[in-house]
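Student: Here it is, the structure in full.
The values are calculated or read from the model by the stated rules, or taken from the named source; none is laboratory data. A quick note: this is a predicted structure, and the numbers were derived from the prediction, not measured. Here the Cβ positions follow ideal geometry from the backbone for every residue, glycine too, while neighbour counts run over all protein chains shown.
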Amino acid sequence: MSRDDPRLIRLANEDNIVVLGATIHTGETVLVDGELITVPQTLGMGHKIASRAIHTDEDILKYGMPIGFAACDIARGEHVHLHNLTSRYTPIEIMETQA
Amino acid sequence: MTAQMQGWLRDDGRKGIRNVVLVAYLVECAHHVCTRIARPFDESEVQVIGFSGCFPSDYGQQMMEALCTHPNVGAVQLVSLGCENFKKRRLAEVIEASGRPVNLVTIQSEGGSQTSIEAGQGWVRAQLANLAAQPKVPMAVSELVVGTICGGSDATSGIAGNPAAGVAFDRLVAEGATCIFEETGELIGCEHIMADRVANPDLRPQIIATVEKAAHYYAAMGYGSFSNGNAEGGLSSIEEKSLGAYAKSGSSAIQGIVRPAQRPANGGLWLLDVVPDGEPRFGFPNINDSAEIIELIACGAHAVIFVTGRGSVVGSAISPVLKVCANPDTYSRMREDMDVNAGRILHGHASIAEVGEEIRDQLVALGLGSRSRSEQLGHAEFVLTYKTPVSQQPGCHPGG
């Protein structure tokens with residue numbers, strides 16, 4: 001039986017993030033690895049949340065492979081994106097969000 | 001266990017899951033005559049391909065030779081204007097040596113357009129009668145060569161469609177099939193991860209060099225890799241974006257690198273390097289999805305898995321294209337063009353493994369007589385442009 005909300009996609013068992021398969025709105029609760037998490041902000045499909053606590057400098061794993069490392073400690077359920085994930089490849093600039 | 005596939009046995013031992021007659025122009029000036037030769041026939045039986053340029057091209061020659069002797073091809077009608085530079089006699093000899101019927105019509109000596117159209121149609125009609133009588137033989141999944149690409153991608157491609165295609169690839173490789181992935185220009189950032197997956201350590205530096213070459217080439221073309229739109233869609237790094245494309249390859253060990261028109265030496269997973277060596281010439285390596293698909297087919301692919309999010313509709317000449325739609329909204333709008341609904345993964349209605357299994361099963365069904373949506377709709381796209389020909393590299397594994 002899945003320990004994740006059906007709107008969350010776990011791409012590999014060893015991943016420490018799950019991907020949203022649908023938009024999840026502020027304040028909604030989702031089951032992440034068996035634990036109910038309240039989503040702090042509305043996040044669209046394709047965005048990621050931590051499926052367990054991730055420590056500073058730890059690799060962030062998607063598809064079972066590193067997509068960068070944690071720039072700070074990340075709590076379970078927290079949005080994982082440009083603000084707390086740093087690429088090990090070429091650093092990318094924080095881009096302006098579209099108006 | 002699935003039913004036994006059936007194929008047409010060719011002289012080189014390969015088997016085809018289709019038995020098409022190609023009508024091939026050897027310069028654009030002969031294209032219209034080919035279109036008219038093929039017009040009375042269905043796309044499932046007769047398809048038009050060709051090389052448009054008049055200047056000589058070793059790449060064009062290699063591609064046309066590989067395509068005209070592809071296992072899905074039963075006979076070839078060549079149409080020349082007469083004064084182009086294409087080595088048409090050599091192509092005709094290669095086709096004849098492969099055991100296939102070949103007929104060369106040269107418009108300037110035949111008497112003109114109408115005379116050539118009638119001559120070509122008469123020959124094609126006779127071939128169709130012959131091909132219809134050719135027996136099929138049992139074909140194993142291990143004899144299949146399958147390619148994969150993605151196009152018209154969106155955020156769903158990397159999280160639903162491509163991972164499911166990767167599961168299908170893993171299944172097919174486990175059954176002994178040959179699987180080919182490509183798009184090194186979209187693998188920038190995961191070359192070191194890819195290099196860790198090689199079957200033979202000698203391949204490591206070649207894999208990294210292949211991706212670095214692609215990065216250099218696309219940068220010279222003024223083509224960036226990571227956009228604001230990617231970040232808005234939830235992607236946080238170039239390696240994350242690239243891994244989304246890379247997910248199509250599954251998790252099998254990489255056997256080696258092939259170049260356009262080269263055949264993998266044995267079963268398993270292969271990387272197709274579509275980017276020419278040396279300084280950029282002739283523009284983009286492949287100008288669109290159809291040009292990429294035809295290079296996979298020139299490497300022997302019997303069928304191509306095509307993952308889309310926004311909704312591509314293309315098929316291809318020679319080999320069926322199986323459309324996997326990752327976006328559930330696109331699927332409900334464009335289901336007439338889609339073979340597999342991978343969007344179910346996003347709604348939690350199916351797992352990646354289940355959809356991967358369905359892709360594998362639909363692919364095998366193409367060898368049992370079923371036709372993909374793009375085939376049913378008559379899609380038979382074909383694009384072949386100028387490109388720097390491949391220089392043979394030691395350590396690569398060119399096919400026969």
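Student: Regarding segment B:118-141, can at least one residue be identified that is in a strand (DSSP E or B), farther than 22 Å from B:L81 by Cβ and of a type in the set (A, V, I, L, M)? Before you say what the answer is, go through the steps one by one.
Tutor: Within segment B:118-141, the first condition is being in a strand (DSSP E or B), and the residues that meet it are B:137-139.
Pick out the ones that are also farther than 22 Å from B:L81 by Cβ and you get B:137-139.
The next check asks that each one be of a type in the set (A, V, I, L, M); those that pass are B:137, B:139.
The answer is yes, given that some residue of segment B:118-141 is in a strand (DSSP E or B), farther than 22 Å from B:L81 by Cβ and of a type in the set (A, V, I, L, M).
Student: May I ask you to list the residues in segment A:25-53 that are surrounded by fewer than 14 Cβ atoms within 10 Å (Cβ to Cβ) and within 14 Å of chain B (Cβ to nearest Cβ)?
Tutor: Listed by number, the residues that qualify are A:Q41, A:T42, A:G44.
Student: Turning to a different aspect of this structure: Assess whether B:V48 counts as being closer than 27 Å to B:G369 by Cα, in contact with a strand residue (DSSP E or B) (Cβ under 7 Å, 6 or more places away or on another chain) and crowded, with 24+ Cβ neighbours inside 10 Å.
Tutor: Values: closer than 27 Å to B:G369 by Cα: yes; in contact with a strand residue (DSSP E or B) (Cβ under 7 Å, 6 or more places away or on another chain): yes; crowded, with 24+ Cβ neighbours inside 10 Å: no.
No.
Student: Cβ-Cβ below 7 Å, separation at least six or inter-chain, first residue in segment B:225-244 and facing chain A (nearest Cβ under 7 Å) and part of a helix (DSSP H, G or I), second surrounded by fewer than 20 Cβ atoms within 10 Å (Cβ to Cβ) and of a type in the set (V, I, T): which pairs?
Tutor: That search, which allows pairs on different chains as well, returns B:I238/A:T90; B:I238/A:I92.
Student: When you go through B:P138, B:P205, B:P201 one by one, which is the residue that is more than 22 Å from the chain's Cα centre (by Cα), in contact (Cβ under 8 Å) with a residue 12 or more places away in the chain and surrounded by fewer than 19 Cβ atoms within 10 Å (Cβ to Cβ)? Before the answer, list the steps.
Tutor: Numbers: B:P205 fails: in contact (Cβ under 8 Å) with a residue 12 or more places away in the chain; B:P201 fails: in contact (Cβ under 8 Å) with a residue 12 or more places away in the chain.
When all the criteria are applied, what remains is B:P138.
Student: Restricting attention to segment B:348-388, which residues are touching a residue at least 24 places away in the same chain (Cβ under 8 Å) and within 14 Å of chain A (Cβ to nearest Cβ)?
Tutor: Of everything in segment B:348-388, those that are touching a residue at least 24 places away in the same chain (Cβ under 8 Å) and within 14 Å of chain A (Cβ to nearest Cβ) turn out to be B:I352, B:A353, B:V355, B:G356.
Student: Sticking with this structure for a sec: Run down B:A129, B:A168 and say which single residue is of a type outside the set (D, E), modelled with pLDDT of 95 or more, buried (at least 24 other Cβ atoms within 10 Å of the Cβ) and farther than 19 Å from B:I238 by Cβ.
Tutor: So the residue among B:A129, B:A168 that is of a type outside the set (D, E), modelled with pLDDT of 95 or more, buried (at least 24 other Cβ atoms within 10 Å of the Cβ) and farther than 19 Å from B:I238 by Cβ is B:A168.
Student: Does B:I193 satisfy the criteria of being aliphatic (A, V, I, L, M), surrounded by fewer than 20 Cβ atoms within 10 Å (Cβ to Cβ) and more than 24 Å from B:G343 (Cα to Cα)?
Tutor: Answer is yes for this residue.
Student: I'd like to check something: does segment B:147-156 contain any residue that is of a type in the set (S, T, Y), in a helix (DSSP H, G or I), more than 30 Å from B:A3 (Cβ to Cβ) and in the same structural domain as B:Q362 (by TED's automatic domain parsing)?
Tutor: Among the residues of segment B:147-156, at least one is of a type in the set (S, T, Y), in a helix (DSSP H, G or I), more than 30 Å from B:A3 (Cβ to Cβ) and in the same structural domain as B:Q362 (by TED's automatic domain parsing), which makes the answer yes.
Each row is one residue, and each column tells you yes or no for (1) buried (at least 18 other Cβ atoms within 10 Å of the Cβ); (2) over 23 Å from the mean Cα position of the chain (by Cα).
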residue	(1), (2)
B:A220	no, yes
B:N230	yes, yes
B:G234	yes, yes
B:S242	yes, no
B:A245	yes, no
B:A253	no, no
B:I257	yes, no
B:P260	yes, no
B:R263	yes, no
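Student: Ok, one more. More than 27 Å from B:S113 (Cβ to Cβ) and not in a strand (DSSP E or B) - does that describe any residue in segment B:73-86?
Tutor: Looking through segment B:73-86, none of the residues is more than 27 Å from B:S113 (Cβ to Cβ) and not in a strand (DSSP E or B).
Student: Report, by residue number, each residue of segment A:54-77 that is more than 14 Å from chain B (Cβ to nearest Cβ) and in contact with a Lys or Arg (Cβ under 7 Å, 6 or more places away or on another chain).
Tutor: Listed by number, the list holds a single entry, A:R76.
Student: Please find, among B:A303, B:A253, the residue that is over 16 Å from B:E381 (Cα atoms) and touching a residue at least 24 places away in the same chain (Cβ under 8 Å).
Tutor: B:A253
Student: For the subset of segment B:27-66 comprising residues that are assigned to a loop (DSSP other than H, G, I, E, B) and under 27 Å from B:A132 (Cβ atoms), which member is farthest from the chain's Cα centre (by Cα)? Lay out the reasoning, then the answer.
Tutor: Here is the first cut: in segment B:27-66, the ones assigned to a loop (DSSP other than H, G, I, E, B) are B:27, B:39-45, B:51-57.
Add one more test, that the residue is under 27 Å from B:A132 (Cβ atoms), and what stays is B:39-45.
Numbers: B:R39: 24, B:P40: 26, B:F41: 23, B:D42: 21, B:E43: 17, B:S44: 17, B:E45: 18 Å.
Going through the qualifying residues, I end up with B:P40.
Student: Can you confirm whether B:P201 is assigned to a loop (DSSP other than H, G, I, E, B) and farther than 21 Å from A:Y89 by Cα?
Tutor: Criteria met by B:P201.
Student: If B:E93 satisfies every condition in (1) buried (at least 16 other Cβ atoms within 10 Å of the Cβ); (2) without any contact (Cβ under 8 Å) to a residue 12 or more places away in the chain but one, which is the exception?
Tutor: (1)
Student: Do you know which residues across segment B:208-224 are over 18 Å from B:F181 (Cα atoms), hydrophobic (A, V, I, L, M, F, W, C) and free of Cβ contacts under 8 Å to residues at least 60 places away in the same chain?
Tutor: B:A219
Student: Does segment B:175-184 include one or more residues that are of a type in the set (G, A, S) and not in a loop (DSSP other than H, G, I, E, B)?
Tutor: Checked segment B:175-184: no residue is of a type in the set (G, A, S) and not in a loop (DSSP other than H, G, I, E, B).
Student: So in segment B:327-347, with the set limited to residues that are outside any helix (DSSP H, G or I) and in contact with a strand residue (DSSP E or B) (Cβ under 9 Å, 6 or more places away or on another chain), which one is nearest to the other protein chains (Cβ to nearest Cβ)?
Tutor: The qualifying residue nearest to the other protein chains (Cβ to nearest Cβ) is B:L346.
Student: How many residues does segment B:161-214 hold that are of a type in the set (G, A, S) and within 14 Å of chain A (Cβ to nearest Cβ)?
Tutor: Residues that pass the stated criteria total 6.
Student: Can you name the condition, by its number, that B:H70 falls short on among (1) under 21 Å from the mean Cα position of the chain (by Cα); (2) in a helix (DSSP H, G or I); (3) not hydrophobic (A, V, I, L, M, F, W, C)?
Tutor: Here B:H70 meets the rest and fails (2).
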